[in-house]
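Inspection log for the structure reproduced underneath, given as structure tokens.
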Amino acid sequence: MFVLNDREYKYISRAVYNYAKINLTEQKRPLIVSRLSKRIRELKMGSFAQYVEYLKDDTSGREFELLVDSLSTNFSHFFRESHHFDFLKDEVLEKAGREQLTIWSAAASTGQEVYSIVMTIKEFEEQRGRRINARLFASDISRKVLLAASKGIYQERDVEKVPRPILEKYFLRGTGEKSNLVKVKKELIGKVNFFRLNLNDKTYMLPEMDIIFLRNAIIYFDHDTKVELINRLHNYIKPNGYLILGHSESLSGISDRFELIGKTIYRRIGDD
Ligand SMILES: C[S@@+](CC[C@H](N)C(=O)[O-])C[C@H]1O[C@@H](n2cnc3c(N)ncnc32)[C@H](O)[C@@H]1O
């Protein structure tokens, strides 16, 4: 491992903050050292000083993206916090009419969240014998995770907890040397619009949503960034639409324009 001095740490954490608003606190310093030491070795460099110079010279921004990718947490799994998918089914799909439902997975990572949404809709359609007119969006700041998401290929162990009937209906199993892999069926992948989006951009080219899944992302942002982001997202949620956060996230002290109606499920308060 290479030694990261205070100046280099400040440069890297500042740059990541300016770009993604991800807050690399002092506690994250060992993570920076371990993850970037690997990258420094790959680049056949000998120190953080050299790496910082390389970053400064990288006008394409590619290395910078790799840096943010290597420092952000992309952990996700299918039907994570399953009560949110129960809510989608019981409250939203059950009450849906003919109008189009717009649903956005706003920190989609490698796609498990949005595919869980698609599968919930498919299951509902099959059980109720009616079509849901839904438009699905999935975005992330990282091109790397989006590429993986749009391929829909996962390790067998990633789907261990997916109920067998769901697994058999919506995934294909690899054969031969790919027998440890599964792939989401094309038909489901085709239902999702994947695109790169930095949540901290000032505006988004998106329609108003019925539901935004913003789970396990704002945990990495500081208070002011959360306030700004939630205020912005308010404009992209229909009145009485929903914002769903991750298990350890909350809007308490962040916004009073939403009401808590379930476990980390918020509803945008009427018209204003
Ligand atoms: C832990 S994953 C959450 C995945 C999924 N929502 C879930 O709950 O399982 C967090 C994701 O947020 C993304 N992210 C971090 N900062 C972001 C930003 N400024 N804009 C968009 N996505 C961001 C990361 O790239 C990462 O894929």
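The values are calculated or read from the model by the stated rules, or taken from the named source; none is laboratory data. This one's a predicted model, so the numbers in the text were calculated from it and none came from an experiment. Don't worry about glycine lacking a Cβ; one is built from the backbone with ideal geometry, like all the others, and counts go over all protein chains shown. Note: areas computed on protein heavy atoms with side chains; ligands, DNA, RNA excluded. Shrake-Rupley method; radii C 1.70, N 1.55, O 1.52, S 1.80 Å.
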Tell me the per residue accessible area of segment 6-71 using a 1.4 Å probe; a whole number in Å² is fine. 57
Rank G111, L43, S76 by how far each Cα sits towards the positive end of the charge dipole of the chain (+1 on Lys, Arg Cβ; -1 on Asp, Glu Cβ) and give me just the farthest. L43
Cross-link reach from K95 to lysines, straight Cα distance under 24 Å and at least 8 residues apart if same chain, gives K122, K191, K238, K263
Sequence-distant or interchain residues sharing an amide H contact under 5 Å with M209, placed H: which? I237, K238
Given a Förster distance of 30 angstrom, what is the FRET efficiency for T203 paired with L147, based on the Cβ-Cβ distance and rounded to 0.05? 0.75
Taking a probe of 1.4 Å and leaving out DNA, RNA and ligands, segment 127-172 shows per residue an accessible area in Å² of 61
Residue-wise, which Karplus ³J(HN,Hα) couplings in Hz belong to segment 250-264, taking 6.51 cos²θ - 1.76 cosθ + 1.60, θ = phi - 60°, and x for glycine or proline? 7, 9, 5, x, 10, 7, 10, 9, 10, 10, 7, 10, x, 5, 6
Report ³J(HN,Hα) in whole Hz for each residue of segment 122-133, in order, from the Karplus equation J = 6.51 cos²θ - 1.76 cosθ + 1.60 where θ = phi - 60°; Gly and Pro get x. 4, 4, 4, 4, 5, 5, 8, x, 9, 7, 10, 8
Using protein chains only and a probe of 1.4 angstrom, how many square angstrom of H247 are accessible, to the nearest 10? 120
Points 7 angstrom from Cα along the Cβ direction at R29 and R41: gap in nanometres? 2.2
Cα-centre dipole for the chain with unit charges at Cβ (Lys and Arg positive, Asp and Glu negative), debye to 20: 760
Express in Å², to the nearest 10, the accessible area of K28 obtained by rolling a 1.4 Å probe over the protein heavy atoms while all chains stay in place. 70
Residues meeting the amide H criterion for G241 (H placed from the backbone, H to H distance under 5 Å, 5 or more places apart or on another chain) are R268
Could you give me D for the chain, from Stokes-Einstein at 20 °C and 1.002 mPa s, where the hydrodynamic radius is the Kirkwood radius over C-alpha pairs? Units µm² s⁻¹, please. 106
Counting only protein heavy atoms, what percent of the accessible surface of segment 216-268 is carbon or sulfur at a 1.4 Å probe? 47
Explain nothing, just compute: Karplus ³J(HN,Hα) = 6.51 cos²θ - 1.76 cosθ + 1.60, θ = phi - 60°, for every residue of segment 16-33 in order, whole Hz, x for Gly and Pro. 5, 5, 4, 7, 10, 6, 7, 9, 8, 5, 3, 5, 7, 4, x, 5, 4, 4
How high is the FRET efficiency from E126 to F75, r the C-beta distance, R0 25 Å, rounded to 0.05? 0.25
Fraction of beta bridges assigned by DSSP in the chain that are antiparallel (%, nearest 5): 40
Lysines whose Cα lies under 22 Å from that of K38, excluding same-chain neighbours fewer than 8 positions away: K10, K28, K56, K144
Cα convex hull of segment 77-205: how many Å³ per residue? 115
So what's the net charge close to P165: Lys and Arg +1, Asp and Glu -1, counting the other residues with Cβ under 12 Å from its Cβ? 0
Separation of alpha-carbon centers, segment 252-272 and segment 18-85, rounded to whole Å: 32
Per DSSP H run of at least 4 residues, take -39500 (n - 2.57); add these up for the chain, divide by its residues and hand me the 222 nm value, nearest 500 deg cm²/dmol. -11000 deg cm²/dmol
Between the modelled labels at E53 and D256 (7 Å from Cα along Cα→Cβ) the distance in nm is 5.5
